[in-house]
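The values are calculated or read from the model by the stated rules, or taken from the named source; none is laboratory data. In this text, all values refer to a predicted model and were calculated from it rather than measured experimentally. Here the Cβ positions follow ideal geometry from the backbone for every residue, glycine too, while neighbour counts run over all protein chains shown.
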Amino acid sequence: MTTNLLTAYRKKRDFGTTPEPEGKPRRAGRRHVFVVQKHRASHLHYDFRLEIDGVLKSWAVPKGPSLDPTVRRLAVRVEDHPYAYRNFEGEIPAGQYGAGEVIIWDRGTYRTPDGGDNATLRSELRKGTLHLVLRGKKLRGGFSLVRLKRPRQWLLIKKCDAFATERDVTRNDRSVKSGRRISDRRPTRGKSRVRFTRRSRGR
Ligand code: MN
């Protein structure tokens, strides 16, 4: 695969300023990785990323993944990210695209239920129905990503299996890399702003 998969990603960023990786596609291997980054940009969301074709195919999931098979989570396809992005955790500076804090909420490897290779994944992605078996710390078992008729909109759905539960997995809110939580503050835009809302503390 060529580097032009990352053109959209690179256009949006100034790599002299942001600590995010510029990255390159990697040669497709046997083990495919996934990562879910929790990102407090202007809106809090979770970035669900799957290694396909040596880059991270990416979806922004506003409410985050669910382990409840009756719940369908909207997942908006965004630009491919470099493979190196799987390790990114930190603060995207104010004024940069996606400014705000990022933690690695979950990561691991995944496969297709029937042992398909990269070509299978590429084909499923194009057709708009991906079947995945995730092996992360928080997300495990079968999931589907299904494209809707509207452009870029998909649904992320847990399959019924031994890992399905009604328990809200997003309550487990620490980074699997550092143990850190996304701090409660808003992204910095110059001076810190006075806040008019009070939140309960001490929990
Ligand atoms: Mn994001």
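Numbers at a glance
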quantity: First in region 95-109 and within 14 Å of R135 (Cα to Cα), second anywhere and within 11 Å of the ligand (Cβ to nearest atom), Cβ under 6 Å, 6 or more apart; calculated: W105/V36; W105/K38; D106/V36
quantity: Selection status of R77, away from the ligand (no atom under 16 Å from the Cβ) and over 14 Å from I104 (Cβ atoms); calculated: no
quantity: Elements of type strands (runs of 3 or more DSSP E) contained in region 14-120, each with 1 or more residues being surrounded by fewer than 17 Cβ atoms within 10 Å (Cβ to Cβ); calculated: 44-52, 72-82, 90-92, 100-111
quantity: Selection from region 158-169 of residues that are surrounded by 15 or more Cβ atoms within 10 Å (Cβ to Cβ) and either out of contact with any Ser or Thr (no Cβ under 8 Å at 6 or more places or on another chain) or closer than 20 Å to Q37 by Cβ (or both); calculated: K158, F163, A164, V169
quantity: Total residues in region 95-119, condition on the phi < 0 side of the Ramachandran plot, of a type in the set (G, A, S) and modelled with pLDDT under 95; calculated: 2
quantity: For P21: the one exception among (1) within 14 Å of the ligand (Cβ to nearest atom); (2) over 13 Å from L5 (Cβ atoms); calculated: (1)
quantity: Region 29-47 - residue that is more than 10 Å from the ligand (Cβ to nearest atom) and closer than 15 Å to D106 by Cα and, of those, farthest from the chain's Cα centre (by Cα); calculated: H32
quantity: Yes/no for G54 being touching a Ser or Thr at 6+ places or on another chain (Cβ under 6 Å) and either modelled with pLDDT under 95 or away from the ligand (no atom under 11 Å from the Cβ) (or both); calculated: no
quantity: Residue check, D68 in contact with a helix residue (DSSP H, G or I) (Cβ under 8 Å, 6 or more places away or on another chain), more than 20 Å from R150 (Cα to Cα), away from the ligand (no atom under 11 Å from the Cβ) and among the acidic types (D, E); calculated: no
